[in-house]
Amino acid sequence: MENDKTTTAPSRIRAGFVGAGFMADVHSKAARAAGADLAGIASSSHASAARAKDRLGVTQAYASVQDLVEDDTIDVIHVCTPNVTHAALAEAALNAGKHVVCEKPLATNVKDAVALTALANSRGRTAAVPFIYRFHPMVREARARVRLGQVGRVLTVQGSFLQDWLLSSEDDDWRVDESLGGPSRAFADIGSHLCDVVEFVLDDRISSLAALNRTAFSQRAGRDVRTEDIVSVVFETSGGAVGTLLISQVAPGRKNRLALEISGTTETLTFDQEQPETLWVGRRSGSQLLVRDPAALDPSAARYCSLPPGHPQGYQDAFNAFISDVYLAVRTGTVPDGLPLFEDGLRAARLTAAVQRSAREGGWQEVPPNHPESTGRKTPLLTLKERQ
Ligand SMILES: NC(=O)c1ccc[n+]([C@@H]2O[C@H](COP(=O)([O-])OP(=O)(O)OC[C@H]3O[C@@H](n4cnc5c(N)ncnc54)[C@H](O)[C@@H]3O)[C@@H](O)[C@H]2O)c1
């Protein structure tokens, strides 16, 4: 835990939600589970906010986002809107003195992500991005095994995030439209989660990469498509590992398959978020399937076991754990280990920019680290190698 925040320390957090779609559902359930008052909601119209108020059990629907953000009784704003709106909404919330949970991508370009991260640090507010796959206990277990040296020196990484919800040329969504989703679709949407898990588990940074983008259909629902359906990436890390990533939103039968395999000189670890209760531990002899059980896990992983073994935890449980840690940071001013902050959203923006640059221009691209001086952070985020 690091103590670098001033806080208003509200006794019972009053949460406000911007947006009334899928993620407003998920965020509000997690906020309720963490003991918050679901105080307010605003969306693209008062009518849609009013419908969501009734559906989600929120106390008040606001006529405008500005009314919600400027309500002095609200402690935390959850930004759950289309990508291009995130930066301005998060900025408005921080300027109104709120703590912020802003959906990914934090911003659709690096410049805005740097500015937001600097603003959050200067305001001394908790500012988090839901890279929630970090909150599966078996992801924490994988991270602990790497940290403790059980995996050995990490040699290779193989990651994929595969979905099929855009498989047909008739499938469409605001994410396809770059004026709402931003210039990168598949990578910014799900590749960012995958890279976050890779860097989180390895405690290392992707230092350079080469990428190819593909768009499966030049038109969807009669409109030209400029955003990518598929991204393949080759990369190396600061610590010397090499890896590949495959990201697709057109992979038949795959719904939300984030899979990660890390091989070190002693162990291979395999995690699949559609089977999040297990971690495969491969050894030259004596491979085993580790099943989630707090008694058998590192304390950093056991901490996220909210249910007894045999009672499966899933996506919403991971989200609940994330929000619970955000609110802990809001209440105490200390940041729980592994809480994804705006710095991590900035990191995703840098990776997305490097992928886009490589796909457009060809060749290898460096991925610059987050320099503390550009974000106003008092202490640099260190990799494991740098800490040693
Ligand atoms: N962290 C995760 O696991 C995860 C998962 C899914 C989506 N997301 C992110 O969450 C965000 C929202 O996705 P979703 O699936 O909920 O989308 P959605 O389309 O279901 O909902 C978006 C909502 O925002 C409202 N909205 C649109 N423009 C607005 C504006 N200018 N002001 C206020 N409200 C506005 C819409 O009316 C709608 O209610 C996206 O950025 C997405 O990348 C994150």
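The values are calculated or read from the model by the stated rules, or taken from the named source; none is laboratory data. Predicted model only: the values in this text are computed from it and were never measured. All Cβ positions, even for glycine, are placed from backbone atoms using ideal geometry, and neighbour counts span all protein chains on display. Note: accessible area is taken over every heavy atom of the protein model, side chains too, but ligands, DNA and RNA are not part of it. Shrake-Rupley method; radii C 1.70, N 1.55, O 1.52, S 1.80 Å.
Enter the Cα centre distance for the pair region 28-52 and region 253-314, rounded to the nearest angstrom.
Region 28-52 and region 253-314 have Cα centres separated by 33 Å.
Probe of 1.4 angstrom, ligands and nucleic acids ignored: what's the accessible area per residue over region 44-134, in square angstrom? Spell out each step's value before the answer.
On the way: 3400 Å² over 91 residues.
About 37 Å² of surface per residue is accessible.
Rule-of-thumb check for the chain: C-alpha Rg over 2.2 N^0.38 Å?
Numbers: Rg = 20.2 Å, N = 388, 2.2 N^0.38 = 21.2 Å.
Normalised Rg, Cα atoms only: 0.95.
So what J values fall out for region 148-158 if you push phi through Karplus, 6.51 cos²θ - 1.76 cosθ + 1.60 with θ = phi - 60°, rounded to Hz, Gly and Pro as x?
7, x, 5, 7, x, 6, 6, 9, 9, 9, 10
Let me spell out the model: positive unit charges on the Cβ of Lys and Arg, negative unit charges on the Cβ of Asp and Glu, origin at the Cα centre of region 266-373. What dipole size does that give, in debye rounded to 20?
Numbers: 9 positive and 14 negative charges, 25 e Å.
Charge dipole, region 266-373, about its Cα centre: 120 debye, nearest 20.
Residue-wise, which Karplus ³J(HN,Hα) couplings in Hz belong to region 67-72, taking 6.51 cos²θ - 1.76 cosθ + 1.60, θ = phi - 60°, and x for glycine or proline?
Taking θ as phi minus 60°, the curve returns 4, 5, 5, 8, 6, 5 Hz for region 67-72.
Could you work out the local net charge near residue 304, counting Lys and Arg as +1, Asp and Glu as -1, over the other residues with Cβ closer than 10 Å to its Cβ? Could you put the intermediate results ahead of the total?
On the way: positive: 134, 140, 292, 303; negative: 141, 317, 325.
Neighbour charge sum, excluding residue 304 itself: +1.
How would you order 148-154, 81-87, 348-354 from highest to lowest mean count of nearby Cβ atoms within 10 Å? Before the final figure, lay out the partial values.
Working: 148-154: 15.4, 81-87: 21.7, 348-354: 25.1.
Highest-to-lowest ranking by the protection proxy: 348-354, 81-87, 148-154.
Taking 0.36 nm per intervening residue step and subtracting the Cα-Cα distance, what contour gain separates residue 218 from residue 244 on full extension? Let's see the in-between values first.
Details: separation 26, 0.36 × 26 = 9.36 nm, distance 2.60 nm.
Value of the extension gain: 6.8 nm.
Placing unit charges on C-beta atoms (Lys and Arg positive, Asp and Glu negative, everything else neutral), compute the dipole magnitude of region 44-133 about its Cα centre in debye, rounded to 20.
Working: 8 positive and 9 negative charges, 52 e Å.
In total the dipole reaches around 240 debye.
Tally up the carbon and sulfur contribution to the accessible surface of region 120-159 as a whole percent, 1.4 Å probe, everything protein left in place.
On the way: 510 of 1200 Å².
C and S fraction of accessible area: 43 percent.
Report the paramagnetic label zone for residue 44: residues of region 51-90 whose backbone N is under 11 Å from a point 7 Å from Cα along the Cα-to-Cβ axis.
Answer for this model: 82.
Give me the one-decimal nm value for the distance between modelled label points at residue 173 and residue 366, 7 Å along each residue's Cα-to-Cβ direction.
3.5
Which Rg and Dmax, in Å, describe the Cα atoms of region 141-193?
17.1, 48
If you take every DSSP beta bridge whose two residues both sit in region 2-132, what share of them, in percent to the nearest 5, is antiparallel?
Working: 0 of 17 bridges.
The answer is about 0 percent antiparallel.
Quick one: which of 136-146, 280-290 comes out on top by average Cβ neighbours within 10 Å, and what's the full order, highest first?
Details: 136-146: 24.4, 280-290: 12.3.
Result, highest mean first: 136-146, 280-290.
Rg (Å, one decimal) plus Dmax (Å, integer) for the alpha carbons of region 2-132?
Just the Cα atoms of region 2-132 yield Rg and Dmax of 13.7, 42 Å.
Take every DSSP beta bridge with both residues inside the chain and express the antiparallel ones as a percent of the total, to the nearest 5. Mind showing how you got there, number by number?
Numbers: 42 of 66 bridges.
Roughly 65 percent of the DSSP beta bridges within the chain come out antiparallel.
Just from its helices, what would the mean residue ellipticity at 222 nm be for the chain, if runs of 4 or more DSSP H residues each count -39500 (n - 2.57) and the sum is divided by every residue, rounded to the nearest 500 deg cm²/dmol?
On the way: 13 runs with 128 residues, N = 388.
Using -39500 (n - 2.57) per qualifying helix, the result is -9500 deg cm²/dmol.
Rolling a 1.4 Å sphere over the protein heavy atoms, what is the accessible area per residue of region 206-291, to the nearest Å²? Don't skip to the answer; put the middle values down first.
On the way: 4030 Å² over 86 residues.
Result: 47 Å² of accessible area for each residue.
On a C-alpha basis, how far is the centre of region 150-226 from the centre of region 69-101 in Å? Whole number, if you could?
Result: 26 Å between the Cα centres.
Check which residues have an amide H placed less than 5 Å from residue 274's amide H, if you skip close sequence neighbours.
258
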